[in-house]
Structures are given as structure tokens and as C-alpha cells.
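Here's the structure, in C-alpha cells; my notes come after.
The values are calculated or read from the model by the stated rules, or taken from the named source; none is laboratory data. This is a predicted model, so every value here is computed, not measured. Note that we place each Cβ from the backbone using ideal geometry, even for glycine, and neighbour counts take in every protein chain shown.
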Ligand code: CS2
């Protein structure tokens, strides 16, 4: 490697940490984002916030490997010039209900020192539909039938809190770190309505004793591939690290300052505490994630495998900036001290990072769950303001095309709605297919479904992609 290598290590005594944070969904993003803030914060300000790393479904082997490695792992923060190899030492234990039994997990939530349950469970992990707990969700139905043996994150949190209340303990903080607007409110709505289904008194206790701050999280952390594994091995004396991860140097975390009990030193680790996360969330979800989803759809249809490859193509690079500044920016409120021009420039530079193999196919996962916050909210505002949105239309139409092409190839989507979407794509074509998909009530809110300007723009964009091909369709709407 030609780059400058910087080493960064924990600077606190690990044996003084206690299990005070339970992190559900300990995948790549968790390892490279909240854990880094915690480590940097404890390096500066001390604290005894040890983390129990939890997975509920896949990932048991990684947790066992983490145990075997003394709970430390390596992350490599990379750009063209520099690699920062950070050894992360905040984890003190792991738990997987299938390996350790569900009671172990629930009792951890009820344990006295526990202060925060943090979450990276992806959009679908909240089991909500149009902002409300989805009572038809299979996991929720199963959990409500046997609430003491929950399988979903929501069921686990509520039963853990139930035990906490029965043990006469204080409340705690549930900290959502997923890419959704008002993620704290969403987590709260899911937890409270599930608790209500069980027992009104339990719901009241949670309401009074548990806080759900919203957060905006940002760091590009691609799924680990062979290239990344090789990088980590070279930084780790030739040894594999099952929990190692490669990511970009940039990181940002804006947290609503609403902690029910002790607050870990995230602020000292670089997080911004605020009363109102919403403007930051909307900016990030629409400009960064919206552009990502656009590139994931049109870029993969055009045969571009990574975000950095898209940035090497002038058409896609200009389109990414145009969707950010011309179509999403006008839908966003001002933020004091933030220049949207500079934000967009920085995003394009981050997207171009040649060391990140961030696959368009990975960003395409779960797109049905991502459309509202990334594309549809901006579209609604543009329609209301009579402001043009040709690239947002291509992004939504590109997704429908992506579903169609996947069905034609006999493939599967990584998406909770895969079956129903592929069935539509198999049975219908062209305008009819667009019409069917845009009628899906769990993705599109009623106002949008009934909006003629929406339907005609997406139908037109879909035809355009089919007739011209994805790249030419994008090029045709670029400004000079
Ligand atoms: C991406 C995000 O996979 C995706 O959907 O858009 O994971 C993105 O990389 C992060 O939100 C960046 O903070």
C-alpha cells in the first residue's frame, strides 16, 4: 500500500467498562459508526460504557469470533491518501438469543447498569407501515402470541422493558441509528403501540420512563468484500478479522438531546447534540441517500457496479449533483451555518472515493422501504410547488424497471416486498406495470397514489428508460 497509515487505539482501561449499552443489529455500520463515537468519547472524557453486541438473526458466527478476539476489532477508514487503522475496544460482551437463550438478552435489558439500547436494525426492523406498527407483520403477530419469547427487535425491547419495570428499575434510552426521518419517534410509536397491544400499564410506564431521541447518522460503510478483507489482513499482521470493516474517513452524527438516564460521551466523541434533528435528517436522507438510490437504480441498469464508477461517468456525476441541488435542495428548510452547495460538493467527493467499493446492488437492497424518505417526500413538495423533478421521476421509474429486469432474469430482490413486486412484474408490462406498482398502499401514501401529475411523470420516465436506455434517459434531462 502506498498510503499513509495512521494507527488509533482505545486509550481507556477495558476492564473498567460495564455493560451499559446494548446494541441490537451489530453489523458493519454499527461497528464503524456509533462504536467509533463512543470510543473517541471515552478516550477524551472517560466513562464506563461497555457495549453488549447483539444480533437477532444472522451474524452469530461473527459474534462468537468477537468473543474469541477479546471483543476488539479493526476498522480501516480509507481514502486515496490515508488509511486510519482503528482498533475498537468498547465491546465487552456479545449476545445472540439462539446461542445464549432469549432470557439472557431480556435480563441484560433489565440489568441495573443498562442505560441505552441502540439500534441499527434497518428500515424493516421497525415493523411499521405508513408510520404505524404493522399488526399484520408476521414477526409482530408471532411475538404478540408469545410475548415472553420475542423474535423481533420491537418485541425484545418491550419484554426487556417489562422485566425492567417488574424489577423496579429506572427507565433507559432507546437510540435509533437507522436512516429514517424522525427515527426516534418511529421507534417510540412502534414500541408503544406494541406495548399497548400487550398491556396498557406497561405502555404507560414506557411512555413515562423511556426516551427515544431521534438521530441523523452518516458514514458510508460498504459490505465487506475480498478487497476489504485483504486490506484488513495487511493491517492485522496477516490475520483475518471477522468483525473488521472498511469505511470512509467521514462520519457525522446529530443526536436529539433527550436521554432518560446517563448519556454516554458521544458528544465528546464528535457527535452534535441538538434540540431538533429533523432539518439535518431531511438534508441527509434526500441529498445523500436520495442520490444513492438514484445511482443504485439507474447506475445498475446502466451496468455500473459501484458508486465510485458512477462518479467516473460524467453523466451520472452531473446527475447526482443535479438531483441534490435542483430537485432535493428546494424541498429543504435552511439550516443555520450549513451551505447546501458545500454539502453537495462534499457528497460528490465522498461518492468518488476510489477506495470504497460501494456496490450499487447493495444500495438497491430494501428499496421499497427507502422510497418515501429518500425520493417521495421531495417529489410531493416539488409537485406542490410546481417545481420540475425529472431525475426523481427517473429514480422511481428506474426502481420499477429494476424490479422488471430482475423478474425477467428470474432473480430475487433483497427486499421484504420481493414476492409481491416480482409477481406484479411477471404479470404486467409497460404502463400497466407502472400503474400496478404505484398503487401499492404500503409504499405510496394515498395522496400520492391519487395524484395524476405523479402517475403521468413516472409512466413517462419509465417509457423513456425502456426506449432510450437508462444512461441516455438520464443524459437527456441534464442541464447544460
Ligand atoms: C445507503 C446508505 O445502502 C444504502 O441505502 O444509501 O447505507 C448510506 O451509505 C449511508 O446512509 C451513509 O450514511
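Assorted remarks:
- Filter result for residue 110 (closer than 27 Å to residue 233 by Cβ and surrounded by fewer than 22 Cβ atoms within 10 Å (Cβ to Cβ)): no
- Strands (runs of 3 or more DSSP E) contained in the range 221-323 and holding at least 1 residues within 14 Å of the ligand (Cβ to nearest atom): 245-247, 252-256
- Matching residues in the range 162-176 - criterion: being surrounded by fewer than 22 Cβ atoms within 10 Å (Cβ to Cβ) and within 21 Å of residue 28 (Cβ to Cβ): none
- Checking the stated criteria, residue 56 turns out to be over 13 Å from residue 241 (Cβ atoms), part of a loop (DSSP other than H, G, I, E, B) and in contact with a strand residue (DSSP E or B) (Cβ under 8 Å, 6 or more places away or on another chain).
- Scanning the range 425-460 for residues that are crowded, with 20+ Cβ neighbours inside 10 Å and farther than 17 Å from residue 378 by Cα yields 425, 433, 434, 437, 459.
- The residues of the range 1-35 that are buried (at least 17 other Cβ atoms within 10 Å of the Cβ), in contact with a strand residue (DSSP E or B) (Cβ under 9 Å, 6 or more places away or on another chain) and more than 25 Å from residue 156 (Cα to Cα) amount to a single one, 10.
- Qualifying residue in the range 378-393 (condition: buried (at least 19 other Cβ atoms within 10 Å of the Cβ) and over 27 Å from residue 320 (Cα atoms)): no
- Contact annotation: residue pairs with Cβ atoms under 8 Å, 6 or more positions apart or on different chains, pairing a residue in the range 358-379 that is near the ligand (Cβ under 8 Å from one of its atoms) with a partner that is in a strand (DSSP E or B), are 358/306.
- Residue tally, condition within 16 Å of the ligand (Cβ to nearest atom) and either assigned to a helix (DSSP H, G or I) or in the same structural domain as residue 227 (by the TED database) (or both), over the range 341-357: 8
- Residue in the range 409-416 that is within 21 Å of the chain's Cα centre (by Cα), assigned to a helix (DSSP H, G or I), surrounded by fewer than 18 Cβ atoms within 10 Å (Cβ to Cβ) and within 16 Å of the ligand (Cβ to nearest atom) present: no
- The combined condition, being in a helix (DSSP H, G or I) and within 23 Å of the chain's Cα centre (by Cα), is not fulfilled by residue 381.
- The range 324-337 - residue that is part of a helix (DSSP H, G or I) and touching a helix residue (DSSP H, G or I) at 6+ places or on another chain (Cβ under 6 Å) and, of those, surrounded by the most Cβ atoms within 10 Å (Cβ to Cβ): 328
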